[in-house]
Number of protein chains: 2
Amino acid sequence: MSLDRLSLNQRTTAQWSLREAIDGCLDAGLPAIGVWREPVAEVGLDTAAAWLRDSGLRVSSVCRGGFFTGADPAARREAHDENLRALDETAALGAPVLVLVPGGLPDGDRDLAGARSRAAEAVAALAVEAGARGVRLGIEPMHPIYAADRGVVSTLAQALDLAEAHPVDEVGVVVDTFHLWWEPGIAYQIARAGPRIASYQVSDWITPFPPDALLARGMVGDGHIDFATFTAAVAAAGYRGDVEVEIFNAELWGRAGKEVVETLARRYLDLVEPFLAPL
Amino acid sequence: MSLDRLSLNQRTTAQWSLREAIDGCLDAGLPAIGVWREPVAEVGLDTAAAWLRDSGLRVSSVCRGGFFTGADPAARREAHDENLRALDETAALGAPVLVLVPGGLPDGDRDLAGARSRAAEAVAALAVEAGARGVRLGIEPMHPIYAADRGVVSTLAQALDLAEAHPVDEVGVVVDTFHLWWEPGIAYQIARAGPRIASYQVSDWITPFPPDALLARGMVGDGHIDFATFTAAVAAAGYRGDVEVEIFNAELWGRAGKEVVETLARRYLDLVEPFLAPL
């Protein structure tokens with residue numbers, strides 16, 4: 001039993017600043033943190049990088065790039081440039097992966113196939129740029145509830161179809177239990193993913209589905225997901241990286257950050273850690 | 001331009017009794033209705049069947065059977081018997097298909113694969129019973145948002161894997177735009193379905209996703225779904241049956257039923273009917 005692969009994704013404790021989150025991880029004995037660009041920008045990239053380096057924490061991922069499904073050429077160019085900046089930041093922060101949230105349909109646009117094609121093209125344009133910076137793109141397939149307005153890549157199968165067009169060290173996938181637990185054939189897709197798994201994120205699917213779809217995730221163990229089976233599949237696929245707890249939940253944000261981290265560490269030790277292969 | 005394949009699913013006008021819905025269809029020139037078991041039970045099966053026969057309306061489907069994912073043997077036997085009654089009613093009402101909503105995970109159960117296996121077994125036990133009554137089971141793949149609490153069959157691909165184990169006249173699938181619009185490879189799956197398509201239902205995916213996930217469907221044309229492309233695929237697969245408008249939406253239930261039917265008929269003529277192959 002050990003926390004040595006547990007990472008706190010910053011959005012789980014949105015009530016904390018970056019400084020507080022770093023200190024919170026250290027206090028709780030967590031070895032890693034997944035950072036978001038916005039709180040990094042608040043203190044400045046150099047300061048954030050220095051704090052993280054001095055903390056000794058691993059930066060398990062940077063959230064997030066993507067949002068590159070715009071139909072307008074100017075919007076696509078802008079998105080590409082923004083993703084280059086995100087890749088620079090990912091490298092500067094010493095993180096192995098930039099999580100990509102593809103984006104949804106442009107306003108008034110109903111061409112889902114077109115948006116999916118543009119996502120593939122955008123990944124292709126960024127892959128070499130990631131490799132040149134020594135970091136990896138992590139395509140995040142998102143639950144189909146977000147297909148219209150946030151992420152047009154809806155299954156791990158689809159994310160792998162995209163990723164496999166590129167070298168494995170340039171383009172991987174993010175495997176998130178909340179997004180993927182329902183996918184028919186998920187065990188096969190996780191095995192297929194193998195070394196493409198760039199990040200493993202955990203949170204739970206709770207019912208009744210909360211009123212705000214963007215804040216609908218539950219604490220690990222509070223919902224319907226079988227973390228033992230899912231985690232064992234990820235481990236069997238060869239994943240040996242950090243496990244990020246990423247929970248968007250307004251109720252958790254209203255609690256003391258320290259209490260949230262204590263709870264998630266306990267749940268991790270009970271429900272996830274026993275099913276991770278030894279390093 | 002014609003309404004001759006448009007069917008009003010009763011849940012779209014839940015403010016109406018069965019009698020009102022029948023009269024509403026006749027007033028608006030709709031040739032068909034999709035009925036629910038509860039409003040049928042309110043007036044009694046014989047009365048409902050007589051009203052429908054006398055009305056000259058086609059009964060495009062009966063909603064609904066299913067809910068057969070219980071883990072407990074007694075619960076499974078009870079579900080089987082309830083589905084037999086639903087099949088009897090479907091035959092008595094002269095409908096070609098009983099729509100099956102598979103059901104979710106039993107309380108406290110996280111074994112999604114197990115629930116899916118039980119759904120397959122339940123369909124197998126009902127298929128011959130349906131055939132013996134001259135009606136068809138229509139497996140309804142449901143949006144993954146409902147996988148935990150309502151429908152463990154989440155994609156058309158998965159529904160077809162289930163259905164194809166049985167004769168085509170015993171087990172078909174229900175193709176509903178709301179549930180399936182996001183599915184990667186949906187055009188291929190619709191073509192694969194071919195004569196398995198037992199019902200085509202339309203409603204829209206709207207954002208932001210409404211607070212109550214069970215009442216989240218939008219009027220055709222109000223959301224993100226490309227009905228032209230989807231409908232053309234269903235037509236190309238050979239479907240020549242009725243098109244049911246099925247919208248669960250509390251705001252529509254607060255309006256006059258007549259107004260709702262007028263709106264949906266107009267939207268159907270604009271967005272769906274032009275893409276149906278001629279009979």
Meets criteria (within 27 Å of B:Asp149 (Cα to Cα), among the acidic types (Asp, Glu) and more than 14 Å from the chain's Cα centre (by Cα)) for B:Glu20:
no
Is it the case that segment A:77-90 has a residue that's surrounded by fewer than 23 Cβ atoms within 10 Å (Cβ to Cβ) and farther than 22 Å from A:Gly151 by Cβ?
yes
Assuming B:Ala75 fulfils every condition listed in (1) out of contact with any helix residue (DSSP H, G or I) (no Cβ under 8 Å at 6 or more places or on another chain); (2) in a strand (DSSP E or B) apart from one, which condition is it?
(2)
Does A:Thr13 satisfy being of a type in the set (Val, Ile, Thr) and touching a Gly at 6+ places or on another chain (Cβ under 8 Å)?
yes
Here are some conditions: (1) part of a strand (DSSP E or B); (2) farther than 27 Å from B:Pro208 by Cβ. A:Gly134 meets all but one. Which one does it not meet?
(1)
Flag for A:Ala233 being hydrophobic (A, V, I, L, M, F, W, C) and more than 26 Å from B:Gly151 (Cβ to Cβ)
no
Could you say which residue among B:Leu137, B:Leu160 is surrounded by fewer than 24 Cβ atoms within 10 Å (Cβ to Cβ), touching a helix residue (DSSP H, G or I) at 6+ places or on another chain (Cβ under 8 Å) and either of a type in the set (Asp, Glu) or over 17 Å from B:Arg217 (Cβ atoms) (or both)?
B:Leu160
Among the residues that make up segment A:257-272, is at least one of them of a type in the set (S, T, N, Q) and closer than 25 Å to B:Leu105 by Cα?
no
Identity of the residue in segment B:253-277, among the hydrophobic types (A, V, I, L, M, F, W, C) and either in a loop (DSSP other than H, G, I, E, B) or on the phi > 0 side of the Ramachandran plot (or both), that ends up surrounded by the most Cβ atoms within 10 Å (Cβ to Cβ):
B:Val272
Might you let me know whether segment B:140-152 holds any residue that is away from every other protein chain (no Cβ under 12 Å) and at pLDDT 95 or above?
yes
Which condition does A:Glu129 not pass, out of (1) within 14 Å of chain B (Cβ to nearest Cβ); (2) charged (D, E, K, R); (3) in a helix (DSSP H, G or I), if it passes all the others?
(1)
Of all residues in segment B:200-227, count the ones that are in contact (Cβ under 8 Å) with a residue 12 or more places away in the chain, of a type in the set (Phe, Trp, Tyr) and out of contact with any strand residue (DSSP E or B) (no Cβ under 6 Å at 6 or more places or on another chain).
2
Among the residues of segment A:87-109, is any within 14 Å of chain B (Cβ to nearest Cβ) and in contact with a His (Cβ under 8 Å, 6 or more places away or on another chain)?
yes
Look at A:Arg136 and say whether it is at the interface with chain B (Cβ under 9 Å from one of its Cβ atoms), touching a Pro at 6+ places or on another chain (Cβ under 9 Å) and of a type in the set (Lys, Arg).
no
Residue hits (segment A:183-204; surrounded by 24 or more Cβ atoms within 10 Å (Cβ to Cβ), in contact with a Ser or Thr (Cβ under 9 Å, 6 or more places away or on another chain) and closer than 28 Å to B:Ser117 by Cα) are A:Glu183, A:Tyr200, A:Gln201, A:Val202, A:Ser203
Sole miss for A:Arg64 among (1) within 12 Å of chain B (Cβ to nearest Cβ); (2) in a strand (DSSP E or B) is condition (1)
Can you work out which of the residues in segment A:143-157 that are in contact (Cβ under 8 Å) with a residue 12 or more places away in the chain and touching a helix residue (DSSP H, G or I) at 6+ places or on another chain (Cβ under 6 Å) is surrounded by the most Cβ atoms within 10 Å (Cβ to Cβ)?
A:Val153
In segment A:95-126, the residues that are assigned to a strand (DSSP E or B) and either at pLDDT below 95 or small (Gly, Ala, Ser) (or both):
A:Gly103
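The values are calculated or read from the model by the stated rules, or taken from the named source; none is laboratory data. Just so it is clear, the structure is predicted and the values come from calculations on it, not from any experiment. Using ideal geometry, Cβ is built from the backbone for each residue, glycine included, and neighbour counts are taken over all protein chains shown.
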